[in-house]
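Heads up: the structure comes next, in structure tokens.
The values are calculated or read from the model by the stated rules, or taken from the named source; none is laboratory data. Computed from a predicted structure; not experimentally measured. Every residue, glycine as well, gets a Cβ built from its backbone with ideal geometry; the counts of neighbours run over all protein chains shown.
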Amino acid sequence: MTFLVTGSSGHLGEALMRTLAARGHEVLGIDRRAGPFTQRRGSITDRDFVRGCMKGTIAVLHAATLHKPHVATHSRQDFIDVNITGTLNLLEEAAAAKVAGFIYTSTTSVFGDALVPPPAEPAAWVTEEMRPVPKNIYGVTKAAAEDLCQLFARNHALPIIVLRTSRFFPEADDNAAARAAFDDGNAKANEFLYRRVDIEDVVEAHLLAAAQASSARFAKYIISATTPFSRHDTAELRIHAPQVVRRCVPDYEAEYARRGWTMIDGIDRVYVNDKARTELGWQPRHDFGTVIARLKAGGDIMSPLARVIGSKGYHDRSFDDGSYPVDPHPAEDAMD
């Protein structure tokens, strides 16, 4: 029996393909773009293509999606076609084929405006119980696809787990102001405190979810690096983040000073992975503390798997602002 991986030419898709193959699993990678780990090219919006790929599948790992940086280059209809209709095609064909598990890669971006409290409030302590308030078409379509997953789990007995992943891409931030404020490595190291995860840990979460989907029936989990903070830190984090980090991870200061890096002044949200660690048995190996230890040993912030996959980008061309075009929908702003 075969694992079906959608988006196999992308960051996560390739990581899943590499890991599954290395562990001796049969795996079929599909993507509309060619890639070294893509066996069949086609779109998940093509029902016949999806149906043909589902034969013999034991579990679907659905990583294919249009991302936030595509908001500037794709229409809202494109997002609906790929992220909603494409997911619906996969769900219907997976239910018909009676696959043992369906793992949907969602995003913490579904929380949207709920992630930023009013200025005088503590940082948001983000768990699975927070109500999503999507702020752009990307978040809207990912949230809608999550609802489709829940519908199929309930009405079609399709075992499904939704994984809301935080940032794991190696590309620079899509926000020009963020790129100007911090060196790229500095920015990513900071994010491991509250909204980043390494791709090795994302892959492990997906494989654990696939193994447990049949018993879970339906569940949602936040997949982000383990934060060193507690809920009691949230008020102080909002206005005095460096002193909270100094208290929780004292080793960071010397390494940051050696590199000329700076800590962000305030943190407005913290992603909490307690439920995934408890229920999935997920044990993420990469967090802010391990990043600091790697840097002290002469390494970098990325895991071996992240370095092997490297940067793929989101577009097939360059723009005046580098990797990212100017967003034509200014209200649909920066990527979570």
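When region 85-135 is examined, which residues are found to be assigned to a helix (DSSP H, G or I) and farther than 14 Å from Ala59 by Cα?
Selection gives Thr85, Gly86, Thr87, Leu88, Asn89, Thr108, Ser109, Val110, Phe111, Asp113, Ala114, Leu115.
Would you kindly identify the helices (runs of 4 or more DSSP H) lying entirely within region 200-299 that contain at least 2 residues that are under 26 Å from Ala114 (Cβ atoms) and at pLDDT 95 or above?
Numbers: elements: 234-248, 252-259, 288-296.
Hits in region 200-299: 234-248.
Filter region 1-47 for residues that are closer than 19 Å to Lys312 by Cα, of a type outside the set (Ser, Thr, Tyr), part of a loop (DSSP other than H, G, I, E, B) and touching a Leu at 6+ places or on another chain (Cβ under 8 Å) and give the result.
Within region 1-47, just Gln39 meets the criteria.
If you scan region 136-171, which residues turn out to be surrounded by 21 or more Cβ atoms within 10 Å (Cβ to Cβ) and in a loop (DSSP other than H, G, I, E, B)?
Scanning region 136-171 gives Asn136, Leu158, Pro159, Ser166, Phe168, Phe169.
Scan (1) in a loop (DSSP other than H, G, I, E, B); (2) aliphatic (A, V, I, L, M); (3) in contact with a Gly (Cβ under 7 Å, 6 or more places away or on another chain) for the single condition Leu66 breaks and write down its number.
Here Leu66 meets the rest and fails (3).
Sort out which residues of region 172-190 are surrounded by 20 or more Cβ atoms within 10 Å (Cβ to Cβ) and either within 30 Å of Ala97 (Cα to Cα) or in contact with a Lys or Arg (Cβ under 6 Å, 6 or more places away or on another chain) (or both), and write them in order of number.
Within region 172-190, Asp173 is the sole residue that qualifies.
Cβ contacts < 7 Å: first residue without any contact (Cβ under 8 Å) to a residue 24 or more places away in the chain, restricted to region 61-82; second residue assigned to a loop (DSSP other than H, G, I, E, B), any location; separation 6+ or different chain. Result?
So the pair list comes out as His74/Leu66; Asp78/Leu66.
Can you find even one residue in region 309-331 that is of a type in the set (Phe, Trp, Tyr) and modelled with pLDDT of 95 or more? Quick ask: steps written out before the conclusion?
Filtering region 309-331 for residues of a type in the set (Phe, Trp, Tyr) gives 314, 319, 324.
This time we only want the ones that are modelled with pLDDT of 95 or more, so: none.
No: zero hits.
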